[in-house]
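Only one structure is covered here, and it is reproduced in the block below.
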Amino acid sequence: MQPVPTVPRARSGPDRRWATALARSVLTLLLVGAGLAAAPAAHAAVNPYQRGPDPTVASIEATRGPFAIAQTTVAASSVSGFRGGTVYYPTSTAEGTFGAVAVSPGYTATQSSVAWLGPRLASQGFVVITIDTLSRYDQPASRGSQLLAALDYLTNASSVRSRIDRYRLAVMGHSMGGGGSLSAANTRPTLQAAIPLTGWHTTKNWSTVRVPTLVVGAEYDSIAPVASHSEPFYTSLPATLDKAYLELNGATHSAPTSPNVTIAKYSISWLKRFVDDDTRYEQFLCPAPSGSAIEEYRDTCPHS
C-alpha cells in the first residue's frame, strides 16, 4: 500500500470542511486502488475528528453518552463578556481534543433553564458551557455576543482549554438565547454549527448566515410562534446552506428548558455531523426523520 499523503488542516469552518472532504476522498481513492476500501481500521483514519463508538438510535436518545464527564463552575468575577457559567467536559482525552458548544438561556432565565444540555452533550464528546448572561433582560444580539465571549474564554483561558479544538465550535440557546445563537452565527461564520431552540428575534432575515443551522420550533409556542419566528428564520437561511427545521409536536415555548429526547437526539446528531464532520450521524438527519414527536421536519439534507 502506498503512503497516504497528509492534507493540511484548514483553519476556518468552510475551509476545514473542504479539507476534511478532500482527505476523505484521497484516502478512499488510495484504499480502493489497494483493494482495502472496506478495512475497518481505515474507516477510523478517514475522519480525525470522529469521537466515540458507532451511534445507534438508543445511544443518541440516552440520558448519557459513552464519555465520563466532570464539571467546573466559572465565576462571574473571573470572566468578561458574559456572567460566568458551568463547564461540562469529558474526563478522558485518549481520543484527542473535542469540539465545544456554548449555550445561552432565554429572557429573564438563568443557566439552570438549559443546564440539562450540559451533561447530555458533554457525555457524547463535547466540551459544553452553559452561561448566565450579563443581565436577565439582555436582547438576542447581546446574548449572541456573550455566546462568542464564552467560546473565546473556553479556548483561550479556561482550565479545559487544552481539551478543546478551537476550530470546532458551536452555539445553542433557548428563546432570546436561540435568537442569540443566530446572531452569533451571523457574526462569526467560522462556527461549525448553530441550534436555536424555540428562538426569538426581531430580525427575521438570516440570508447572510454561513453556519450549518438546525432551527427547532414548537407547535404550540405562544411566545415565539413558529409562523413569525422559527419558520421565517429557517426559510431565510440560504438554500445552499446545510440547514434543517424541526417542529416539536404538541410542544410549547418552554420545551427546551427540561430534558427532551427529541431535542437531544437531533441536536447531538447535528453537532456530531457538523462540529465533528462525523458522517456516521447523517443517518439520523437524512432522509428527514418523522414520528409522533415531530410535527414537521424540513431540510436541505446534509452532504457527505
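Laboratory data are not the source of any read-out in this text; all were calculated from the coordinates shown. All of these numbers come straight from a predicted model, not from anything done at the bench. Neighbour counts run over all protein chains shown; Cβ positions are idealised from the backbone, glycine included.
Could you please report the charge total around Thr300, scoring K, R as +1 and D, E as -1 over all other residues with beta-carbon less than 9 angstrom from its beta-carbon?
0
Consider a paramagnetic label point 7 Å from the Cα of Ser258 along Cα→Cβ; state which residues of region 204-227 have an amide N under 17 Å from it.
218-222
Highest mean first, what order results for 168-177, 259-268 on Cβ atoms within 10 Å?
The peptides rank, most packed first, as 168-177, 259-268.
How large is ³J(HN,Hα) for each residue in region 202-212, as worked out from phi by the Karplus curve 6.51 cos²θ - 1.76 cosθ + 1.60 (θ = phi - 60°), to whole Hz, x for Gly and Pro?
These are the phi-based 3J(HN,Hα) values: 6, 7, 10, 9, 10, 5, 9, 5, 10, 9, x Hz.
Just subtract the alpha-carbon distance of Thr110 and Glu295 from 0.36 nm times their residue separation and send over the number in nm, one decimal.
This chain segment gains 63.8 nm when fully extended.
Which chymotrypsin sites (Phe, Trp or Tyr not before Pro) does region 127-197 hold that lie in a coil by DSSP with at most 15 other beta carbons within 10 Å?
Tyr137
Expressed in nm to one decimal, what extension gain is obtained for the pair Asp54 and Ser135 from 0.36 nm per residue of sequence separation less their Cα-Cα distance? Could the numbers behind the result be given before it?
Working: separation 81, 0.36 × 81 = 29.16 nm, distance 4.11 nm.
Contour length minus Cα-Cα distance gives 25.0 nm.
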